[in-house]
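The values are calculated or read from the model by the stated rules, or taken from the named source; none is laboratory data. Since the model is a prediction, treat every value here as computed from it, not as a measurement. Virtual Cβ from ideal backbone geometry, glycine too; neighbours counted across all protein chains shown. SASA here: full protein model, heavy atoms, side chains in, ligands and nucleic acids out. Shrake-Rupley method; radii C 1.70, N 1.55, O 1.52, S 1.80 Å.
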Amino acid sequence: SYPNRPIQMIVAFPPGGQADVTARPLAITLGKILKQPVVVVNRAGAAGGIGNQSVAQARPDGYTLLAPLSSISTIPEADRLFDRKPAYTLDQFAPIALIAADPVYIAVRTESPWKTLADLIEAARAKPDAYSYSSSGLYGALHVPFAMFLQSTGTSMWHIPTTGGGPAVAALLGSQVDATMGGPGALAGQVRGGKFRLLAGMGAKRSELLPEVPTMKELGIDVEYLIWVGLVAPAGTPEPILRTLREATAQVVRDPEFIESMKKVGTPIQYLDAPDFKAFWDADAKRLAKVVQAIGRVEEKK
C-alpha cells in the first residue's frame, strides 16, 4: 500500500541553492505520480551535515527521503580529517536516482572590476586574502571546488562559509563578499537580472545553456567539478518501496512539466537509475575524498 501518507523530502540547505531549486519541482511531480504529497523540508546546517545525518538515522520506511548534493560525500571525509567520528557514512543511504549534475561557476557582481577569470587571479595573487568568497559551508559543495581553483592557481582568498547556496548567493548580492561559486540553478536568476557576471565554469566543456562562459580547462586551469543532486532513502528501506520510488522517479524525469521546470531554473536533467547512480556516486566520492585530503585541515576564520 506504499505510499499511504505524505512523504518528506529533506533538503539539507536553506531555500535558493542548487539542491532546493531541483528538489521542489521534483517533489511536486513525484507527489503527482505517487498520489501522495511530497513535502520539501529544509534542514540546514554544517554544510548539509545536519540534514544528511537526520535521513541516515531516519526510519527506513520510504516516508523520509533526501535530495543530497555532492557534498554528502565530502562531509564524512572532513570529519576523518579532524579525527572525528563521521556524522554518517555513505553506506547509510540507498540510492534511488541521480537527477542533475552540473558544473559550478565563479560569479562576481556585474560592477566588479574583474571582467575575466584572469583579472580575478591577478588581483588575488597581488593581494593574498584581501578578497573574499562565500560558500555553502566548510568542505561543502561550493567550498571544495573554490579551494580546488585556488590551489590550482596558487592564489588565496578569504573564505566566508554560510549555511547554503542560497545564503552564499545573497552574500555576494549584498556586497558582503567579492565572489562566490554555484550551480547554474542557484545563479541563473541573478545572471538574468544583470546582477552577476560568470567568469568561468568547472565543466569538461561549455554548457549549452551558457555557451558564452569559458571553462577553466580552456583557460589553462586543469580542474573539473560537478555539483550533483540525487534522491536517496535510508539504507534498509525495503526493496519493494525502493522499486516504487525508482519507477516513479523514472516517470518524473520524462514528465513535460518537470522538464520545463528544470529548464526554467537552468538545470538540465542528468538522470541515472539506482545502479548507474551508485557507480557514478562511488567514483565521485573517491575523487572528492582525495580533494578533501589535499585541502587539509581548515579552521573556520572568525
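The angle between the Cα long axis of helix 274-295 and the main principal axis of the chain comes to about 30°, on a 0 to 90 degree scale. Averaging the sequence gap over all C-alpha pairs within less than 8 Å and six or more residues apart, then dividing by the number of residues, gives segment 1-90 a relative contact order of 33 percent. Listed cross-link partners 35/286; 217/286; 195/263; 115/264; 85/290 are compared with a 28 Å cut-off, the Cα-Cα value being larger for 35/286.
Taking a ≥ b ≥ c as the square roots of the eigenvalues of the Cα gyration tensor, segment 235-302 is classed as oblate, since a/c reaches at least 1.5 and a/b does not exceed b/c.
Quick one: Cα centre-to-centre distance for segment 87-104 and segment 198-268, in angstrom? Segment 87-104 and segment 198-268 have Cα centres spaced 12 Å from each other. Calculated FRET efficiency, residue 254 to residue 129, Cβ-Cβ distance, R0 = 30 Å: about 0.05 to the nearest 0.05.
Sequence-ordered 3J(HN,Hα) estimates for segment 261-268 from the Karplus curve with 6.51, -1.76 and 1.60 and θ = phi - 60° stand at 4, 5, 5, 5, 8, x, 10, x Hz, glycine and proline given as x.
At the residue level, residue 83 shows approximately 130 square angstrom of accessible surface with a 1.4 angstrom probe and all protein chains present. Per atom type, the chain shows carbon and sulfur on 53% of its accessible surface, probed at 1.4 Å. Would you mind computing, in nm to one decimal, how far apart the modelled labels at residue 204 and residue 294 are, each placed 7 Å from Cα along Cα→Cβ? Between residue 204 and residue 294, the label points sit 1.7 nm apart.
In this simple spin-label model, placing a label point 7 Å from the Cα along the Cα-to-Cβ direction at both residue 59 and residue 222 gives a separation of 5.2 nm.
Rounding to the nearest 10 and keeping the result within 0 to 90°, find how far the Cα-based axis of helix 117-126 lies from the longest principal axis of the chain. The angle comes out at about 60 degrees.
The calculated FRET efficiency for the pair residue 35 and residue 91, based on their C-beta separation and a Förster distance of 35 Å, comes to about 0.65.
For segment 1-131, what is the accessible area per residue in Å², given a 1.4 Å probe and the full set of protein chains?
I get 39 Å² per residue for segment 1-131.
Residue 271 label point, 7 Å along Cα→Cβ, cut-off 18 Å on backbone N: hits in segment 239-263? Of the residues in segment 239-263, 242-263 have backbone N under 18 Å from the label point off residue 271.
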